[in-house]
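Everything on this sheet refers to the single structure shown next.
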Amino acid sequence: MKRILVLSFITLIIFELAFAQKVSTVLGDAWTGEVVASNDNTREITIAYEVKGKSETFTGVLNEGYSVKMKDGTSHTLKVSEIPIGSRIRVFSKTKDQDIGGRKVKLNLIWRVDFLGKDEFTRLREQINVSPAVSVTLAESKDLPAGNPLKLYLAIEDPGISESLVGWVKKWNRDFGAEYGSIEVVSDISKADVYLARYGGSTLIAEIMPTATVFLVLPKSDGLEVIWKQAVVINPDQYSSPLIEKEIEKRMKARKK
């Protein structure tokens with residue numbers, strides 16, 4: 001029971017970190033926004049974000065010597081000027097007192113920077129393998145299409161999860177297909193009614209807990225429409241994904257109402 005409660009608490013934190021603009025936790029503050037200013041001399045980064053329709057800013061100082069891993073596996077000491085103005089990032093910070101010129105000043109020290117891409121759906125586009133220019137909108141709680149069978153395309157980075165979901169689809173068709181409609185997993189994305197995308201998300205605070213992000217997506221003539229998104233804790237010993245299965249089951253049954 002204790003393990004379940006801990007995982008539930010971690011899942012809640014992860015969901016908030018993934019999609020909120022600012023979250024305060026016992027581990028520090030997480031801020032998500034667009035870079036509007038930077039200063040190499042002071043190592044300051046300023047990001048803008050919205051709260052209830054109002055624009056706010058956060059300024060923090062990047063820890064000295066902070067490095068990022070390059071694509072070739074090497075490390076590079078990051079200069080704040082290397083972060084283009086307009087970039088979407090998430091920073092993790094803690095407020096600390098520092099001695100500057102003989103007096104103590106409170107600084108927001110940034111100890112981690114996550115680069116989020118063009119918008120919150122950048123990695124989703126990459127996982128589905130569509131152009132970065134494709135429009136993606138959010139319409140949570142929208143119904144699944146009424147087709148029978150419902151044609152489902154899996155865009156999942158973990159083959160174990162894919163195999164598990166294919167097995168679950170077979171069980172669904174056997175037990176509930178006649179009553180609520182069957183599901184067909186298709187390999188050709190152009191023939192799909194709905195996409196299920198899953199990719200490994202950023203880990204929780206200094207690599208403590210790995211996460212994944214899951215989406216149900218409808219293809220539209222003018223782009224993609226997200227009808228469900230969720231951040232989850234990855235269990236390395238479990239390939240089944242009951243959360244995904246329960247969500248699809250709920251939405252399949254809702255089509256009959």
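Inside the range 14-53, residues that are in contact with a helix residue (DSSP H, G or I) (Cβ under 9 Å, 6 or more places away or on another chain) and either under 22 Å from Lys229 (Cβ atoms) or modelled with pLDDT under 70 (or both) make up a count of 5. Taking every residue in the range 218-234 that is among the aromatic types (Phe, Trp, Tyr) and pairing it with any residue that is surrounded by fewer than 18 Cβ atoms within 10 Å (Cβ to Cβ) and modelled with pLDDT of 90 or more, at least 6 positions away or on another chain, the pairs with Cβ-Cβ distances below 7 Å are Trp228/Glu247.
To keep it simple, each residue is scored yes or no on (1) over 17 Å from Val23 (Cα atoms); (2) of a type in the set (S, T, N, Q).
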{"site": "Thr77", "(1), (2)": "yes, yes"}
{"site": "Phe92", "(1), (2)": "no, no"}
{"site": "Arg103", "(1), (2)": "yes, no"}
{"site": "Val113", "(1), (2)": "no, no"}
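From the list Thr57, Thr11, Thr74, the one residue that fits, being among the hydroxyl-bearing types (Ser, Thr, Tyr), within 20 Å of the chain's Cα centre (by Cα) and either at pLDDT below 90 or at negative phi (or both), is Thr11. Only residues that are at pLDDT 80 or above and hydroxyl-bearing (Ser, Thr, Tyr) were counted in the range 223-240, giving 0.
Among the candidates Ile183, Ile208, Ile244, the residue that is more than 13 Å from Leu124 (Cβ to Cβ), at pLDDT below 95, surrounded by 14 or more Cβ atoms within 10 Å (Cβ to Cβ) and of a type in the set (A, V, I, L, M, F, W, C) is uniquely Ile244. Hey, could you check the range 173-199 for residues that are in a helix (DSSP H, G or I) and of a type outside the set (S, T, N, Q) and say which is farthest from Leu243 (Cα to Cα)? Checking each candidate, the answer is Lys191.
The values are calculated or read from the model by the stated rules, or taken from the named source; none is laboratory data. Remember, predicted model here, so these are calculated numbers, not experimental data. Ideal geometry is used to build each Cβ from the backbone, glycine not excepted, and the neighbour counts take in all protein chains shown.
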